[in-house]
Amino acid sequence: MIVKEEFLSQLRRYFALNLYEVKIWAALLSRGVSTAGELSDIANVPRSRSYDVLESLEKKGFVIMKLGKPIKYITVPPEEVVERVKKNMHSEAQEKIKRLEDLKNTDILGELNLLHTQGIELIEPSDVSGSLRGRHNLYNHLEHTIRNANTSITLMTTSQGLIRKAEGMMPVLEKLKKRGVKIRIAAPLTKENKNTFKELGKVAEVRQTDSKARFCIVDGKELVFMVMNDEEVHPTYDIGIWANTPFFANALEGLFDTAWKGMKNPVIK
């Protein structure tokens, strides 16, 4: 049986199987029903491993063992396999989420927080910074930084960045507003994001700017800024810098305050 390596790699990625499992499964799909020995020869998998692999596939719902001798295996229709894998993944995810939720009520989290607090006290101010690669990581850290704000958030972004932040962070911004955090947002106004301006205006003071910059200052001390133009870089290669630096954050916020006075309140019809 000749199966392209790329196809096998895709099966491994989508169905979370190892190499022997995808080879045996693909071989059985091509035969419909077969013995472990036959599948071993077809798939070029050591015969000593084929039984273990088939037992694993059976537990995962990919194959069914027929009664009788010699023992043969039949394949489950791929559509049904997809549904079973989805169900198993959902159950596993729910179990992991519950485990993490239960962690909040244990001493483990307290000990972890104590380790972190003690570690932070030993860190030099210049060391409390880091590089963030990929827009997904960037936004996760940005949301974490914003969520911990006590007094103020100053945010400057691009037209598309405004839309992304509204979609991903609106619930967090709503909670911050209720806590009395002062939120200011500046971004270019376009046809595509005018509704976003209107929506964000419910939780923040939003003004229009022609400048292209991407940064966020929290409480005048923490800073997250992006070094790439989001119109020219793929999200995977987006890069940002996070730093806990009151000196630089205050200086940048002072510059923003000056520019803020000249920014227009958007007129949205």
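If you take the residues of the stretch 46-80 that are of a type in the set (Asp, Glu) and surrounded by 11 or more Cβ atoms within 10 Å (Cβ to Cβ), which of them is nearest to the chain's Cα centre (by Cα)? Among them, the one singled out is Glu80. Within the stretch 62-80, the only residue that satisfies the criterion of being in a loop (DSSP other than H, G, I, E, B), touching a helix residue (DSSP H, G or I) at 6+ places or on another chain (Cβ under 9 Å) and free of Cβ contacts under 8 Å to residues at least 24 places away in the same chain is Val76. Determine whether the stretch 111-134 contains at least one residue that is surrounded by 15 or more Cβ atoms within 10 Å (Cβ to Cβ), under 25 Å from Lys264 (Cβ atoms) and at pLDDT 90 or above. There is no residue in the stretch 111-134 that is surrounded by 15 or more Cβ atoms within 10 Å (Cβ to Cβ), under 25 Å from Lys264 (Cβ atoms) and at pLDDT 90 or above. There is at least one residue in the stretch 126-135 that is of a type outside the set (Gly, Ala, Ser), touching a residue at least 24 places away in the same chain (Cβ under 8 Å), under 16 Å from Thr245 (Cβ atoms) and not in a helix (DSSP H, G or I). Within the stretch 215-269, being out of contact with any helix residue (DSSP H, G or I) (no Cβ under 7 Å at 6 or more places or on another chain) and among the basic types (Lys, Arg) holds for Lys261, Lys264, Lys269. Confirm whether Ser40 is within 17 Å of Pro78 (Cβ to Cβ), assigned by TED's automatic domain parsing to the domain that holds Pro70, surrounded by 14 or more Cβ atoms within 10 Å (Cβ to Cβ) and polar (S, T, N, Q). No; evaluated as a whole, the condition is false for this residue. Flag: Asn148 does not match the condition of being without any contact (Cβ under 8 Å) to a residue 24 or more places away in the chain and within 21 Å of the chain's Cα centre (by Cα). Only a single criterion out of (1) under 18 Å from Pro188 (Cα atoms); (2) among the β-branched types (Val, Ile, Thr); (3) touching a His at 6+ places or on another chain (Cβ under 8 Å) is not satisfied by Val224, namely (1). Those strands (runs of 3 or more DSSP E) of the stretch 185-269 in which 2 or more residues are within 20 Å of Asn148 (Cβ to Cβ) and in contact (Cβ under 8 Å) with a residue 24 or more places away in the chain occupy 215-218, 222-226, 239-244. Would you say Ala213 is over 16 Å from Glu143 (Cα atoms) and of a type in the set (A, V, I, L, M, F, W, C)? Against the criterion (over 16 Å from Glu143 (Cα atoms) and of a type in the set (A, V, I, L, M, F, W, C)), Ala213 qualifies. If you check Glu192, Glu232 for being within 22 Å of Pro171 (Cα to Cα) and loosely packed, with under 12 Cβ neighbours inside 10 Å, only one passes: Glu192.
Counting only residues that are in a helix (DSSP H, G or I) and either of a type outside the set (A, V, I, L, M) or free of Cβ contacts under 8 Å to residues at least 24 places away in the same chain (or both), the stretch 168-184 holds 6 of them.
The values are calculated or read from the model by the stated rules, or taken from the named source; none is laboratory data. The model shown is predicted, which means the values in this text are computed figures rather than measured ones. All Cβ positions, even for glycine, are placed from backbone atoms using ideal geometry, and neighbour counts span all protein chains on display.
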